[in-house]
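Remarks on the structure that follows.
The values are calculated or read from the model by the stated rules, or taken from the named source; none is laboratory data. It should be emphasised that the depicted structure is a prediction, and the values quoted were computed from it without experimental measurement. Every residue, glycine among them, receives a Cβ derived from its backbone with ideal geometry; neighbour counts consider all protein chains shown.
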Amino acid sequence: MRSATNRAVSRNPVVPGWMKPLPVVLTLALWETVTRLNLLPPYLLPSPEAVAQRLFQTAQSGLLFQHLAATLQEVLLGLALGLAAATGLGTLLAKSPVAEKLLSPYIVASQSIPTVAIAPLLVIWFGPGRLSKILISSLLVFFPVLVNTVVGIRSVPEDLHDLMRILKASPWQIFTRLELPAALPVYLGGVRVGATLSVIGAVVGEFVGADEGLGFLINVARGMYDTALVFAAVFVLIALALSLYGLVSLIERRVLSWQLN
Amino acid sequence: MKIQWTWFLLILVMILSSACSTAAGPAETQPAPEIEDVRLILPYRPDVQFAPFYVGMKDGIFKRSGINLLIEHTQETDAVTLVGAGEVPFAVVSGEQVLLARAQGLPVVYVTAWYQDYPVGIAAPAESGIEGPQDLEGKQVGIPVLSGASYVGYRALLYEESLDPDSIYLDTIGYHQVELLLEGIEDAVVIYSANEPLQLEMMGMPVNVIRVSDYVSLASNGLITSEAMIEERPDLVRAMAAAFVTSIKKSMADTTYAFSACMEYVDGLDENTSSIQEKILQESTDFWEGETIGMSDPEAWQNMQDVLLEMELLSEPLSLEEAYTNEFLP
């Protein structure tokens, strides 16, 4: 019978470093093979070289960074707005059962509205500028962070609450010294998800109406049948989302280092 | 008596034979064509502006050409890609899409012109003082997207009138031209001349419309197919073109009937919307009028290429003779 140590090792296998890029390499190899064999025309599937070339061209001309900067601004501001709203409301719902009973049905109902349906309305109400994109981005961030805030705060074991009360801690002390630190792992998990969703929100807004941003660039590329540029812009969006995810993960490791220790 | 009966019977047989022969039809009558399913992509969604297709289906015009028309809707660029890739035989798109697609290697060919005049225009409130292209300088103009017919038409107008694009503030607003002009956020908006101006007037804002077609002739909406279809199924291309032209003519001759055909295929046409939608259809037919329905104008195609080159959407001239043809017109 396998020991607990062996069972733990098999659940967390060590992956050699050289294997980690293997899925990407294999995908690229398959992609290259398909295009070299002309199995699909270039306007449907451009070659990796064509995509890399377009990426380089738009980077060199400054166009890529101009649109990336626009999307990044919308993403960061949308993320900040979504986090602030969700954290505040989530804390209220976690601490007040009455507020939760009153507001939860409406919050859940609001999340069932597809973003692509509401995006045009936001453009009409708030104009075609950056604000509507920031709002759309924040809407996508809101719900996962809200849910994780409520769950995180409520996940604190009751005996720790009892201990704080025995030590005559004030409600503010209980919140800042116990509930907030204890909720962080779950809360930051929601922030990680929200960070990637914020990118989607910004792009959806740009698809509806924009004159800058990676979503706008994709629209223009589609209009020109420049599939290689579409691919290039999509890869930049993937890199953006992964970067944000990685940044939140890094913050998570730093902030939660006490827990890991 | 026997001889009289014989003659009577002989004449009777001759009459009956003649009647049977007439019922069978003349010997040279062609059998009805076998009807095949043919997919056609129209842009965006069902709309009264696609009336010729609805008339053609309702009246059996396509079926008499051997076509059971199956209409689908998608984005214009996707329609071109699907035709170029051989997934769908036909689509209706604007002329500039053909040149932009061919520049990227998509083998699409424009085979029947539908709109003889480019339908794009710029609308501004009647009291704004914006009546012509020169009045746009220094103004904020809303445009749905920086691609497609709207953008090409807008830039063609500026090019024709020697206006500097940088002298006008262009705002990308999605398909919200009506709302944003009504709210006063934009000084003017790029629109389809047969559509948004009527909606704006219905909402209480009379507008001036600067029509691109008053200044320059451009290749506009029409039927496209692929080079492979032309090579492998010229009969079908010819049949489709003929049925389309007949349907256009019938729709133009009686827009009331054309609108009634739309009621069967366009959702949302009710007593609240019918009036304005019927007017949109009537306005649209103005853009279909030309010397020969279906015929592409070489000058319009040359103008279109010149505009695309000026906009740097084309890096070099294309062979226009390969981009469009009048060969399949009836």
Exercise for the section: Give me the pairs, please: first residue somewhere in region A:140-157 and within 15 Å of residue A:192 (Cα to Cα), second residue anywhere and among the acidic types (Asp, Glu) and in a helix (DSSP H, G or I), beta-carbon distance under 9 Å, and either six or more positions apart or on two chains. Expected result: A:152/A:179
Exercise for the section: Check whether at least one residue in region A:185-200 is modelled with pLDDT under 95 and surrounded by fewer than 17 Cβ atoms within 10 Å (Cβ to Cβ), and report yes or no. Expected result: yes
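Can you list the helices (runs of 4 or more DSSP H) lying wholly within region B:254-313 that have 1 or more residues being hydroxyl-bearing (Ser, Thr, Tyr)? If you could, list the steps in order and put the result at the bottom.
On the way: elements: B:255-265, B:274-288, B:298-310.
Fully inside region B:254-313 and qualifying: B:255-265, B:274-288.
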Practice task
Look at residue A:137 and say whether it is away from chain B (no Cβ under 14 Å), at pLDDT below 90 and in a helix (DSSP H, G or I).
Solution key: no
Problem - Check on residue B:243, in contact with a helix residue (DSSP H, G or I) (Cβ under 7 Å, 6 or more places away or on another chain), in a helix (DSSP H, G or I) and either among the aliphatic types (A, V, I, L, M) or closer than 28 Å to residue B:64 by Cβ (or both) - result: yes
Fill in the blank from the handout: Exception for residue B:277 within (1) within 24 Å of residue B:324 (Cα to Cα); (2) modelled with pLDDT under 95; (3) crowded, with 20+ Cβ neighbours inside 10 Å falls at (1)
Exercise for the section: Within region B:138-154, identify whether any single residue is charged (D, E, K, R), in contact with a strand residue (DSSP E or B) (Cβ under 7 Å, 6 or more places away or on another chain) and outside the structural domain of residue B:96 (by TED's automatic domain parsing), and answer yes or no. Expected result: yes
Problem - Top-ranked residue in region A:204-254 [being within 14 Å of chain B (Cβ to nearest Cβ) and β-branched (Val, Ile, Thr); ranked as nearest to the chain's Cα centre (by Cα)] - result: A:204
Completion exercise
From the option list B:97, B:140, single residue qualifying as out of contact with any helix residue (DSSP H, G or I) (no Cβ under 9 Å at 6 or more places or on another chain) and either more than 19 Å from residue B:326 (Cα to Cα) or in contact (Cβ under 8 Å) with a residue 40 or more places away in the chain (or both) is B:140
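Return the only residue of B:161, B:196, B:131, B:183 being at the interface with chain A (Cβ under 10 Å from one of its Cβ atoms) and over 27 Å from residue A:214 (Cα atoms).
B:183
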Handout entry: Test result for residue A:81, buried (at least 16 other Cβ atoms within 10 Å of the Cβ), within 21 Å of the chain's Cα centre (by Cα), closer than 23 Å to residue A:152 by Cβ and in contact (Cβ under 8 Å) with a residue 40 or more places away in the chain
Key = yes
